Amino acid sequence: MKSKIDRFFRKNLIDLIPYRSAREEYANQGVKMILLDANENPFTSSSNRYPDPMQTKLKNRIANWKNVNENQIYLSNGSDESISQLIMAFCEPGIDNIITLPPTFGMYKVSAHVHGIKVNEVPLDSSFQIDAQLVLEKSNKNSKIIFIPTPNNPTGNSFNLKSIIKIIKNFSGLVVIDEAYIEFSNSPSFIDSIKKNSNLIVCQTFSKGQGMAGARLGMTFANSELIAYMNKIKAPYNLNSLTQSAALLRLEEQNLIKKQAKIILKERKRIEKALRKISFIITVYQSDANFLLIKVDDSNLRYQQLIDNGIVVRNSSKNLNCENTLRITVGLSEENTRLIDVLNNIDRK
Ligand SMILES: Cc1ncc(COP(=O)(O)O)c(C=O)c1O
């Protein structure tokens with residue numbers, strides 16, 4: 001029988017027979033098997049064997065941590081991979097479109113274009129908030145996914161919960177809430193809401209607050225049917241064994257991660273205060289993340305002056321409604337002090 005969410009799946013993928021490693025079939029037999037099935041090098045090292053394709057141990061720990069079932073979790077090589085997989089899984093090339101809310105995270109558009117999917121852009125309003133009514137008006141029957149990063153990148157603010165809920169309730173496609181910066185935010189996660197909303201997908205990452213950008217680990221949470229479909233089309237070993245081990249260790253260090261997030265937020269306040277005193281900074285936007293977006297008089301000039309002083313920030317000016325903006329990540333205390341000193345020196349000239 002067809003389920004209610006079958007309608008989201010790409011027709012040609014519904015009957016796809018996934019690749020299966022022979023080993024998976026014997027994984028739970030409790031007997032140590034001799035592994036001669038996958039042409040690996042038999043000499044033991046940290047990574048001579050292929051990783052667990054379903055990441056059972058890690059998912060079990062994440063399920064406890066996030067209060068979901070293991071079959072509601074999809075793990076990926078960073079959120080970037082998950083974004084790409086979501087578009088590939090649900091959007092028909094040449095026919096479907098995704099909705100983005102510029103200024104927004106750039107990978108949604110890049111991924112869509114890689115997969116031959118159109119991007120329907122619905123700008124945020126002048127306060128960088130979502131106009132939910134406009135989103136619903138601009139979407140059509142081929143709008144398969146809307147990507148909502150909250151807190152938003154590059155602006156840093158969280159979106160109004162009411163607008164997000166209105167979209168979840170009324171959008172005809174899938175709603176992806178990208179919570180890459182959730183560790184720094186005052187707003188609650190939407191993970192709990194996946195239980196009641198079959199069209200809701202929540203992405204989180206180990207790259208930001210969890211401090212593991214180099215390991216590449218993204219987490220996607222949704223109802224088990226959507227996740228089963230995602231698993232069916234993924235590369236068999238998309239998450240390497242070193243990352244799986246590192247993440248298991250990181251899960252034991254959540255007190256440290258909370259302390260680090262607190263320090264980062266305190267530093268963000270300190271930077272914000274200092275930036276407000278600098279004459280060529282016109283606006284310091286409100287942030288709910290570990291970075292600040294600022295509007296300056298001349299972003300190219302100020303960007304180059306920072307570079308000349310050995311500091312790299314992001315020139316965000318190419319984003320819609322972000323003319324003359326720079327995005328500054330909160331660094332270590334001494335790095336932030338140097339940033340403030342350099343900006344003050346430039347200001348005095
Ligand atoms: C909103 C948002 N989503 C996703 C990502 C990518 O995360 P990952 O490093 O897990 O691929 C970023 C990275 O900057 C981001 O800002």
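Please turn the phi angles of the stretch 237-254 into ³J(HN,Hα) values with the Karplus equation 6.51 cos²θ - 1.76 cosθ + 1.60 (θ = phi - 60°), one per residue in order, whole Hz, x for glycine and proline.
Going residue by residue, I get 10, 5, 10, 6, 5, 5, 5, 4, 5, 5, 5, 4, 5, 4, 5, 7, 10, 5 Hz, with x marking Gly and Pro.
How big is the stretch 186-231 along each principal axis, measuring the range of its Cα positions in Å and listing the largest first?
Sorted from largest, the Cα extents of the stretch 186-231 read 31, 30, 10 Å.
In whole Å, what are the extents of the stretch 108-205 along the principal axes defined by its C-alpha atoms, from largest to smallest?
In descending order, the Cα extents are 34, 30, 26 Å.
Out of every Cα-Cα pair in the stretch 255-348, what percent are more than 14 Å apart? Write down the numbers at each step before the final one.
Details: 2812 of 4371 pairs.
Counting pairs separated by more than 14 Å, the tail of P(r) holds 64 percent.
Ignoring GluC sites (Glu not before Pro) that are buried or in helix or strand per DSSP, and keeping those with at most 13 other beta carbon atoms within 10 Å, what is the longest stretch of the chain between them? Write out the running numbers ahead of the final one.
On the way: sites that count: E40, E252, E253, E323.
Excluding the exposed sites themselves, the longest stretch runs over 41-251.
Can you put I73, I177 in order of Cβ neighbours within 10 angstrom, beginning with the fewest?
Lowest count first: I73, I177.
If you average the alpha carbon positions of the stretch 88-128 and of the stretch 45-78, how far apart do those two centres end up, in angstrom?
Centre-to-centre distance over Cα atoms comes out at 28 Å.
Which value in Å is the Kirkwood Rh of the stretch 10-60 over different Cα pairs? Numbers along the way, then the final one.
Working: mean 1/r = 0.0741 Å⁻¹.
Roughly 13.5 Å, rounded to one decimal.
Return the equivalent ellipsoid semi-axes of the stretch 1-133 as a descending list in whole Å, where each equals the square root of 5 times an eigenvalue of the C-alpha gyration tensor. Provide the component values of the computation, followed by the final result.
Values: eigenvalues 275, 70, 56 Å².
The three semi-axes for the stretch 1-133 are 37, 19, 17 Å.
Restricting things to alpha carbons, find the Rg to Rh ratio for the stretch 58-169 using the Kirkwood radius for Rh.
Details: Rg = 15.0 Å, Rh = 15.2 Å.
Rg/Rh for the stretch 58-169 comes to 0.99.
Mind checking the alpha-carbon convex hull of the stretch 4-252 and giving the volume per residue in Å³?
On the way: hull volume 34.7 nm³, N = 249.
Hull volume over Cα atoms, normalised by residue count, gives 139 Å³.
Need one word for the stretch 52-117: rounded, prolate or oblate. Basis is the Cα gyration tensor (sqrt eigenvalues a ≥ b ≥ c); a/c below 1.5 gives rounded, then a/b vs b/c decides. Working shown, then result.
On the way: a/c = 2.70, a/b = 2.11, b/c = 1.28.
Prolate.
What trypsin sites (Lys or Arg not before Pro) in the stretch 230-286 are in a loop by DSSP, with at most 13 other Cβ atoms within 10 Å of the Cβ? Don't jump to the answer; show the numbers that get you there.
Details: sites: K232, K234, R250, K258, K259, K262, K266, R268, K269, R270, K273, R276, K277; in loops: K234, R276, K277.
Sites meeting the loop and neighbour criteria: R276, K277.
For the stretch 1-102, which trypsin sites (Lys or Arg not before Pro) are both in a DSSP coil and crowded by at most 12 other Cβ atoms within 10 Å? Display every interim value, and only then the final one.
Numbers: sites: K2, K4, R7, R10, K11, R20, R23, K32, R49, K57, K59, R61, K66; in loops: K2, R10, R20, K32, R49.
Passing both the DSSP loop test and the Cβ count: K2, R20, K32.
Using only Cα atoms and rounding to the nearest 10 degrees, what angle (0 to 90) does helix 224-233 make with the longest principal axis of the chain?
80 degrees
When the scattering of the stretch 150-267 is computed by the Debye formula from its Cα atoms alone, each counted once and equally, what is log10 I(q)/I(0) at q = 0.19, 0.23 Å⁻¹?
-1.18, -1.38
Of M230, M107, M219, which has the largest mean-square fluctuation in a 10 Å C-alpha GNM of the chain?
Ranking M230, M107, M219 by mean-square fluctuation puts M107 first.
Filter the chymotrypsin sites (Phe, Trp or Tyr not before Pro) in the stretch 21-68 down to the DSSP loop ones having no more than 11 other Cβ atoms within 10 Å, then list what survives.
On the way: sites: Y26, F43, W65; in loops: F43.
Answer in residue order: F43.
Throughout, read-outs are computed from the coordinates displayed, never taken from laboratory work. Owing to the predicted nature of the structure, the values given are computational and were not obtained by experimental measurement. For neighbour counting, all protein chains shown are included, and Cβ atoms are generated from backbone atoms with ideal geometry for every residue, glycine included.
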